Structures are given as C-alpha cells and as structure tokens.
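K.L.:
Please read through the structure below; I'll follow up with questions.
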Amino acid sequence: MTIEEQARSRGLAWYPADSPQAQAEAVATHVAALLKKAIEQRGHASLALSGGRGPELFLRRLEQIQLDWEKVTITQVDERWVPPEHEQSNAGLIQRCMPQLLQRATWLPLYQGRSLEADAQHCHTMLKTLMPVDVVVLGMGPDGHTASLFPHMPKLPDYLSEQTPALCIAVPETAERLARLSMTAAVINQARSKILALSGEDKLQQLATALETSDPLARPIAAFLTPSMDIFYSP
Ligand SMILES: O=C(O)[C@H](O)[C@@H](O)[C@H](O)[C@H](O)COP(=O)(O)O
C-alpha cells in the first residue's frame with residue numbers, strides 16, 4: 001500500500017505537490033478557504049501555526065491572501081521559550097513572514113517572557129477561551145515529533161491524551177534543544193481542521209512508519225493522524 005493509500009484508508013486527505021513552492025501555495029489557499037468558511041459560519045476564525053524551518057514559504061504566501069483578517073485570531077502550536085528577536089523564535093519567524101497580516105488579525109504569541117511555567121499557564125488560559133481552534137497547521141520533525149511533543153519525553157502519554165487537563169505545557173530544555181511551550185493533544189485533536197505539511201523523503205518515510213506502527217510514544221505525530229487531517233507533501 002502506498003503512503004497515500006495508507007493515509008486515505010485512515011480518512012486523511014492527501015495533497016501531493018511537485019515542489020515546496022507549490023506546496024506552500026496549496027497550503028495557504030487551503031488554510032484561507034477553511035478560515036473563510038469559519039468566518040461565514042461563525043463570524044470569526046482561529047488559526048494555530050507551527051514554526052521550524054519548513055513553513056516560511058507558506059507563511060509568506062498566506063501574507064498575500066485577501067481575507068477578513070480582522071475576524072481571525074492567530075496563535076501558535078508551539079514556541080521555543082525565547083523572545084521574538086531570538087533567531088530560534090517561531091513568533092519571530094511568523095512576524096517576519098506576515099507583518100501586514102498580523103497588523104489586522106488578533107495575534108496571540110505564546111512567549112510572554114515571565115517564566116516558562118507562568119507562560120505555559122497563561123497560554124493554557126488563553127487556549128481555554130480559544131478552543132476549538134478552526135485550523136491547526138502542524139509540521140513534523142525528522143524524529144516524528146510534532147508541536148514540541150518529542151519521542152519518549154517525560155509525561156508524553158498524558159500530553160497525547162485528549163483527556164489531559166493541560167492545554168499548553170512547559171517543555172524543559174535539554175542538551176539538544178531550548179525550553180519550549182507546546183499545545184497538547186487536548187487542543188490539537190479538538191481542532192475543526194488539522195493540516196500537516198512536510199517535505200522530503202526522510203520525513204515521508206517517518207510518516208509512513210507512523211501510519212503503519214501507530215506508536216505515538218516513538219513518533220508523536222501518530223497521535224494526530226486522525227480525521228479531519230489534510231496532509232500536504234512535497235519532495
Ligand atoms: O518549533 C518547532 O520546531 C516546530 O513547531 C516543530 O513542531 C516543527 O513543526 C517541526 O520541528 C518541523 O520543523 P522543520 O520544518 O524545521 O523540519
């Protein structure tokens with residue numbers, strides 16, 4: 001079975017693109033269509049964005065799309081616990097890519113600069129009022145992590161359970177990575193729409209393994225491969 005067949009057999013939509021540029025175009029227009037529908041139905045819409053290196057083309061394309069951005073609230077799926085001017089800040093990336101759009105939308109970055117725990121509590125409270133998020137855009141790391149939910153991290157089973165009371169968690173720094181803030185499955189899997197955008201053969205194989213083995217402790221992305229999820233892949 002191809003990975004596309006595996007995804008479709010799980011009720012996931014599969015959108016292949018020929019290049020990262022085509023993928024960015026497809027994701028941006030798809031996100032805009034979902035937000036437009038939410039605004040038509042409920043008068044407003046909410047969007048949660050991931051960071052990392054992957055989404056830059058998508059974010060810059062979204063900046064160019066005409067929409068009632070004044071009716072959209074934008075937050076983050078996760079964040080490195082650094083100020084926006086830090087080179088590893090996801091908020092900094094989003095702000096650099098979408099300066100005009102963020103002037104019009106309601107922008108709710110996760111990093112507040114208090115303490116890691118205090119910021120996690122602040123974001124938990126913010127997300128409680130925002131849920132259910134209309135559109136959550138996920139990436140996936142080469143190890144199968146998504147958001148800042150990493151393989152075999154402490155308390156991962158709690159964070160991947162939709163019953164977990166925590167909506168945003170503090171992820172302590174390790175030798176390999178900065179401290180982070182992250183949404184949990186209680187928010188992500190309650191979203192009206194999930195989008196996963198990934199590129200490259202390595203990540204495609206990781207996704208195939210996640211679909212085959214469904215072991216979310218080893219590959220946390222596996223906990224989110226449920227409808228309604230649209231997967232956008234480019235080589
Ligand atoms: O803070 C982060 O790193 C992201 O939010 C993370 O969840 C990202 O989606 C994956 O790590 C993929 O990142 P790349 O696109 O850089 O591979």
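The values are calculated or read from the model by the stated rules, or taken from the named source; none is laboratory data. This one's a predicted model, so the numbers in the text were calculated from it and none came from an experiment. A quick note on method: Cβ atoms are made from the backbone with ideal geometry, for glycine too, and the neighbour counts reach across all protein chains shown. Calculation scope for accessible area: heavy atoms of the full protein, side chains included, ligands and nucleic acids excluded. Shrake-Rupley method; radii C 1.70, N 1.55, O 1.52, S 1.80 Å.
K.L.:
Going by the structure shown, is Leu160 crowded, with 17+ Cβ neighbours inside 10 Å, more than 16 Å from Ser50 (Cα to Cα) and of a type outside the set (Val, Ile, Thr)?
P.N.:
Working: crowded, with 17+ Cβ neighbours inside 10 Å: yes; more than 16 Å from Ser50 (Cα to Cα): yes; of a type outside the set (Val, Ile, Thr): yes.
The answer is yes for Leu160.
K.L.:
Just name the residue that is nearest to Met140 (Cα to Cα) out of those in the stretch 55-75 that are open to solvent by less than 70 Å² (accessible area, probe 1.4 Å) and assigned to a loop (DSSP other than H, G, I, E, B). Please lay out each step first, then the result.
P.N.:
Going residue by residue through the stretch 55-75, those that are open to solvent by less than 70 Å² (accessible area, probe 1.4 Å) are 55, 58-59, 61-63, 65, 67, 69, 72-75.
Next, only the ones that are assigned to a loop (DSSP other than H, G, I, E, B) stay: 55, 63, 65, 67.
Details: Pro55: 11, Glu63: 22, Ile65: 25, Leu67: 27 Å.
Out of the qualifying residues, it is Pro55.
K.L.:
Filter the stretch 76-91 down to residues that are among the hydrophobic types (A, V, I, L, M, F, W, C) and assigned to a loop (DSSP other than H, G, I, E, B) and give me whichever is nearest to the ligand (Cβ to nearest atom).
P.N.:
Val77
K.L.:
Would you call Val27 closer than 22 Å to Val171 by Cβ, among the β-branched types (Val, Ile, Thr) and buried (at least 17 other Cβ atoms within 10 Å of the Cβ)?
P.N.:
Working: closer than 22 Å to Val171 by Cβ: no; among the β-branched types (Val, Ile, Thr): yes; buried (at least 17 other Cβ atoms within 10 Å of the Cβ): yes.
Considered against the rule, which asks whether it is closer than 22 Å to Val171 by Cβ, among the β-branched types (Val, Ile, Thr) and buried (at least 17 other Cβ atoms within 10 Å of the Cβ), Val27 comes out as no.
K.L.:
Check Ile65, Ile94 and return the single one that is within 16 Å of the ligand (Cβ to nearest atom), touching a helix residue (DSSP H, G or I) at 6+ places or on another chain (Cβ under 8 Å) and over 21 Å from Glu176 (Cα atoms).
P.N.:
On the way: Ile65 fails: within 16 Å of the ligand (Cβ to nearest atom).
Of the residues listed, the single one that is within 16 Å of the ligand (Cβ to nearest atom), touching a helix residue (DSSP H, G or I) at 6+ places or on another chain (Cβ under 8 Å) and over 21 Å from Glu176 (Cα atoms) is Ile94.
K.L.:
Can Leu127 be described as within 23 Å of Glu176 (Cα to Cα), modelled with pLDDT of 95 or more, within 16 Å of the ligand (Cβ to nearest atom) and open to solvent by less than 50 Å² (accessible area, probe 1.4 Å)? Before you say what the answer is, go through the steps one by one.
P.N.:
Values: within 23 Å of Glu176 (Cα to Cα): no; modelled with pLDDT of 95 or more: yes; within 16 Å of the ligand (Cβ to nearest atom): yes; open to solvent by less than 50 Å² (accessible area, probe 1.4 Å): yes.
Judged against the criteria, Leu127 is not a match.
K.L.:
Restricting to the stretch 143-175, name every residue that is under 27 Å from Ala208 (Cα atoms), in a loop (DSSP other than H, G, I, E, B), modelled with pLDDT of 95 or more and not polar (S, T, N, Q).
P.N.:
Across the stretch 143-175, the qualifying residues are Asp143, Gly144, His145, Ala147, Phe150, Pro151, His152, Met153, Pro154, Lys155, Leu160.
K.L.:
Consider Ala222 carefully, then state whether it is of a type in the set (A, V, I, L, M, F, W, C), out of contact with any strand residue (DSSP E or B) (no Cβ under 7 Å at 6 or more places or on another chain) and more than 13 Å from the ligand (Cβ to nearest atom).
P.N.:
Here the answer is yes, as Ala222 does meet what is asked.
K.L.:
Next question. Provide a single number: the residues in the stretch 177-198 that are farther than 23 Å from Ala118 by Cα and either surrounded by fewer than 20 Cβ atoms within 10 Å (Cβ to Cβ) or in contact with a Cys (Cβ under 6 Å, 6 or more places away or on another chain) (or both).
P.N.:
Matching residues across the stretch 177-198 total 3.
K.L.:
Right, something else. State which residue pairs qualify: first residue within 12 Å of Ser161 (Cβ to Cβ) and inside the stretch 177-188, second residue surrounded by 22 or more Cβ atoms within 10 Å (Cβ to Cβ) and basic (Lys, Arg) in any location, beta carbons under 9 Å apart, and separation of 6 or more residues or different chains.
P.N.:
Ile188/Lys194
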